[in-house]
1. Please give the helix B:62-73 orientation as an angle from the longest Cα principal axis of chain B, in degrees from 0 to 90, rounded to the nearest 10.
2. Note the angle between two axes, namely the Cα long axis of helix A:7-16 and the longest principal axis of the Cα atoms of chain A, as a number of degrees from 0 to 90, rounded to the nearest 10.
3. Given points 7 Å out from each Cα along the Cα-Cβ axis, report the B:Ser26 to B:His121 separation in nanometres with one decimal.
4. Please report, for B:His121, the nm distances (one decimal) from its label point, 7 Å out from Cα along the beta-carbon direction, to the equivalent points in the remaining copies, shortest first.
5. Take A:Ile94 and B:Ile94, extend 7 Å from each Cα along the Cα→Cβ direction, and tell me the distance between the two endpoints in nm.
6. For peptide A:106-117, compute the average count of partner chain beta-carbon atoms within 10 Å of each residue's beta-carbon.
7. Loop only per DSSP, at most 12 neighbouring Cβ atoms within 10 Å: give me the trypsin sites (Lys or Arg not before Pro) in the range A:90-132, ordered by residue number.
8. If I take every Cα pair under 8 Å that is 6 or more residues apart in chain B, average their sequence separation and divide by the length, what percent do I get for the relative contact order?
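Read-outs: derived from the displayed coordinates by stated rules, not from any lab. For clarity, every value in this text was computed on a predicted model and none was experimentally measured. Note that each Cβ is placed from the backbone with ideal geometry, even for glycine, and that neighbours are counted across all protein chains shown.
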2 protein chains.
Amino acid sequence: MDVKFINPFVMAAQTVFKTMLGIDASMGKPILKDVRATSGDVTGIMGLVGDRKGTIAISFREKGAIFVFKTLIGDDCTTITPEVVDAIGELTNIISGQARKEFEKANINLKAAIPMVIVGHNVELNFITKIPIISLPFNFVADNGEKEVMFLDFSFE
Amino acid sequence: MDVKFINPFVMAAQTVFKTMLGIDASMGKPILKDVRATSGDVTGIMGLVGDRKGTIAISFREKGAIFVFKTLIGDDCTTITPEVVDAIGELTNIISGQARKEFEKANINLKAAIPMVIVGHNVELNFITKIPIISLPFNFVADNGEKEVMFLDFSFE
């Protein structure tokens, strides 16, 4: 896959972490994803269509998802409630929107579908495409000092 | 939701059943879906974007998914293999494509993202939208004479 399809997602994730969550996210090594499963416990999915087409999956482990909810919404919680699910859906929307802005700089216009959120560890989730699936890990430190990671998996034709 | 957003999906599902699977599918009563879970065991998801935006989920029980695989591909199998998953992804593509044609008749132009397929019974799956989620059941008889159903769940803004 052309690197020009990767950079918009990197820029989008890091920008949204900084502006919406107030923290820095450092990208780890991108990998080719060959596991047909969700990368974390709470996974937002978004279809992006226009001059190109693709689908992204943003996945957090439970504690990371709760951190996002707390930081975005300001409430407290200890488990994956419907409100946490909605917060991850909203973050999926926001990262998708930012990625679309980045793609526009390369004259690639995209629109976003309605996000869906899957809850569950190691849920079998298959991208139906012959194009490679790239998984970008973004490392960050949550408010309790714990190291967390967000996976941004995508395939883009 | 306007009925004009429902009919293209009904037409698409019934047309694809007839032309691709060679059988009639009779639609049961549409319901408002308030359960945050997959409707069946193998679930294809597709984002549709353009003049409107939406996401659909097409869900079969295990035996129904295997019937689709056997009928589309011609091979035999007894469990949900990666090939069965790909067949449901392909059917999701085909039904989405047919629905897009139906929407075009109403001057609504849409494009389709990359489909994803979830495998698992009662997997928590949330549409992140304030728009109602409609679930259309399509009843059909598989080759072994068993009654099966395909659920077409969608939300369309």
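1. Tilt relative to chain B: about 90 degrees.
2. Relative to chain A, helix A:7-16 is tipped by roughly 20 degrees.
3. Placing both labels 7 Å along Cα→Cβ, they lie 2.7 nm apart.
4. 2.2
5. Distance between the two pseudo-spin positions: 4.2 nm.
6. Per residue, the number of nearby Cβ atoms from other chains is 6 on average.
7. Taking the range A:90-132 and a limit of 12 other Cβ atoms within 10 Å, the loop trypsin sites (Lys or Arg not before Pro) found are A:Lys130.
8. Rounded, it is 37 percent for chain B.
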